[in-house]
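The values are calculated or read from the model by the stated rules, or taken from the named source; none is laboratory data. In this text, all values refer to a predicted model and were calculated from it rather than measured experimentally. Areas reflect the complete protein model, heavy atoms only, side chains present, ligands, DNA and RNA absent. Shrake-Rupley method; radii C 1.70, N 1.55, O 1.52, S 1.80 Å.
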Amino acid sequence: YIRFHSGSVYEYYDVPSSVYNGLMSASSKGTYHADFIKNRYRYRRVG
């Protein structure tokens, strides 16, 4: 799950642990999300 500053929450599917770990250690989570997650994995808005 990713919660954005807007408060929206999205559930992403089949994200490898290496990508998750990269997100958790990224200095800019927004940039990491845009570069490595957005438009690459299925997702749904949950909140």
> If you work out Rg/Rh (Cα atoms, Kirkwood Rh) from the coordinates, which of (1) 1.04; (2) 1.12; (3) 0.93 do you get?
Replying inline: (3)
>> So with the 1.4 Å probe, I'd like the accessible area per residue for the chain, rounded to whole Å².
In response: 78
>> How large a share of the accessible area of region 2-45, in percent, is made up of carbon and sulfur atoms when the probe is 1.4 Å and the other protein chains stay in place?
In response: 48
> Under the rule of -39500 (n - 2.57) per DSSP H run of 4 or more residues, summed and divided by the residues of the chain, what mean residue ellipticity at 222 nm is obtained, to the nearest 500 deg cm²/dmol?
Replying inline: -10000 deg cm²/dmol
